[in-house]
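Below is one structure, written out as structure tokens; comments come after it.
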Amino acid sequence: MFNYNARYFENEKTIANSLPDDLYAYKAYIGSHDISLESGDGVFYLSKDLKMAKFQRGPIQFKSEIFAVVIRGYAGPNREVSTLEGTFLPYVNGCSTRQLIPAERPGDPTFQMLHIPPYSSEQAHHIHSTARVVYILKGRGESVVGLSGKTTRSELKEGMVCVLDRMCPHHFETKEEGLIVLPVHVWSSIAGAEFNHPMFNGTFLINQGH
């Protein structure tokens, strides 16, 4: 039975692991960590100044200062991209997104950027079949988690990390201040067309026939 759970981390050095029975294993490093990456694994991470999103394949040893997600069994090409540019693909409710580090093939992990403007919601209530590890880059909002009126609300603000376990019913909301979040999708599709990209694919709306 699933524990509809989201995990939140703020101003702390910690490691968040995938669930024991997840199909895809990951380890999220929050705060400053020395990381030793084995051959065949890969890591998404942010530069210390938050200006660059990067991916490195193992073997490698390095110090992650802010946020890193190691994906077991995935060793895509090394990449880096600026986080300072805008978002270019449409999403729902006035939101928009950009693939920072796109998947190479269907099923590969990916690093995304999602802009949620003020007084909006990033989706109707929904689930994903695999985990999302989300860094809050800018702004402020709320994470709404749960079902059937039994929901909890948790504040989201700059520098926090939110780990959404698989099948966790959730959505993010904003009020007078918008949000820019950087989710690592442990699994995703590869598509990048207008309405056929990783933020849409792998998202399943609740109680709306999808």
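Could you pull out the residue among 102, 117 that is surrounded by fewer than 17 Cβ atoms within 10 Å (Cβ to Cβ) and more than 17 Å from residue 161 (Cβ to Cβ)?
117
Name the residues in segment 12-37 that are modelled with pLDDT of 95 or more, over 25 Å from residue 83 (Cβ atoms) and of a type outside the set (S, T, N, Q), would you?
25
Of all the strands (runs of 3 or more DSSP E) wholly in segment 79-149, which have at least 2 residues that are more than 24 Å from residue 51 (Cα to Cα) and touching a Lys or Arg at 6+ places or on another chain (Cβ under 9 Å)?
126-128, 132-147
Please go through segment 140-186 and give me each residue that is more than 25 Å from residue 45 (Cα to Cα) and touching a His at 6+ places or on another chain (Cβ under 6 Å), ordered by number.
Matches in segment 140-186: 144, 145, 169.
Do we have any residue at all in segment 18-27 that's over 14 Å from residue 184 (Cα atoms), acidic (Asp, Glu) and touching a residue at least 40 places away in the same chain (Cβ under 8 Å)?
Yes, the conditions are met somewhere in segment 18-27.
Return the pair list, or none, for Cβ contacts closer than 6 Å from residues in segment 61-88 that are more than 18 Å from residue 112 (Cβ to Cβ) to residues that are of a type in the set (Lys, Arg) and loosely packed, with under 14 Cβ neighbours inside 10 Å, at least 6 apart or on different chains.
65/48
Counting only residues that are of a type outside the set (Asp, Glu), assigned to a loop (DSSP other than H, G, I, E, B) and within 14 Å of the chain's Cα centre (by Cα), how many does segment 150-168 have?
Result for segment 150-168: 4.
The values are calculated or read from the model by the stated rules, or taken from the named source; none is laboratory data. Note that the structure is a prediction, hence the values are computed from the model and not measured. Here Cβ is always computed from backbone atoms with ideal geometry, including for glycine, and neighbour counts include all displayed protein chains.
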